[in-house]
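A short write-up of the structure that comes next.
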Amino acid sequence: MYDVFLDTEYKDKGGAIFLIGILTTHGEEFALYGPNLRWNVLEKILRNKKRIFVYGPDIGKLETHFGVKMKERWHCINVFSIVKKHLPEIEKKSLINVEKFLGLYRHTEDFKRFTRVLDVHWKDPKKRAGILEYNMEDVVFLETCYNILLDYFKFDPEDFRIMPKK
């Protein structure tokens with residue numbers, strides 16, 4: 001059993017997911033979009049995984065999008081909750097601000113200013129490759145930030161598990 005780091009891109013204002021980036025702790029990378037953006041494809045990737053790490057509302061968005069209860073099947077860990085507890089000095093706790101605080105800088109940082117309209121740019125084939133790269137950097141940097149925080153603060157990730165509603 002191993003873990004995955006996952007990030008979704010979706011239309012602004014709680015709209016539909018159009019891209020899921022996934023990185024496993026064994027180094028496998030997946031980008032689900034278009035005809036591959038289906039539950040059976042995602043479920044196959046997540047099979048035999050124990051934990052799913054996200055930053056923010058991605059698990060809830062996936063549960064709504066696919067009509068499934070992921071928190072009952074996997075241990076879903078919100079790294080945002082870890083940042084809130086252990087890095088209170090960061091005023092705006094976006095992943096990109098956490099990365100900067102930790103001294104990490106992205107190749108695709110320019111795309112951050114378009115996050116509210118990524119779905120519009122997604123329709124442009126010339127910009128799609130950049131959005132795919134941006135999304136994959138999200139999961140790579142999510143894993144990097146998580147590992148730095150874990151090494152420094154020595155917490156139990158299960159303390160930050162998103163529990164299923166009863």
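Estimated at 0.36 nm per residue, the fully extended path between residue 66 and residue 154 surpasses their Cα-Cα distance by 28.3 nm.
Take every Cα pair under 8 Å whose residues are at least 6 apart in sequence, average their separation, divide by the length of the chain, and the relative contact order is 28 percent. Protection proxy ranking, highest mean first, for peptides 1-10, 151-160: 1-10, 151-160, where packing is the per-residue count of other beta-carbon atoms within 10 Å, averaged. Peptides 88-94, 20-26 ranked from most to least packed, by the mean per-residue count of other Cβ atoms within 10 Å: 20-26, 88-94.
Of the beta bridges DSSP finds with both residues in the chain, what % are antiparallel, to the nearest 5? Taking every DSSP beta bridge with both residues in the chain, the antiparallel ones total about 65 percent.
Taking amide H as placed 1.01 Å from N in the peptide plane, the amide H of residue 53 sits under 5 Å from that of 4, 5, 6, 77, each at least 5 places away or on another chain.
Exceedance of the 27 Å cut-off in Cα-Cα distance is limited, within the set 61/123; 44/85; 100/127; 11/93; 49/92; 100/165, to 44/85; 49/92; 100/165. All other residues whose Cβ lies under 10 angstrom from that of residue 24 are scored, Lys and Arg at +1 and Asp and Glu at -1, for a net of -3.
Each reported figure results from applying straightforward, stated rules to the coordinates on display, with no laboratory input. Source: prediction; values computed, not measured. Note: ideal-geometry Cβ built from the backbone for every residue, glycine included; neighbour counts use all protein chains shown.
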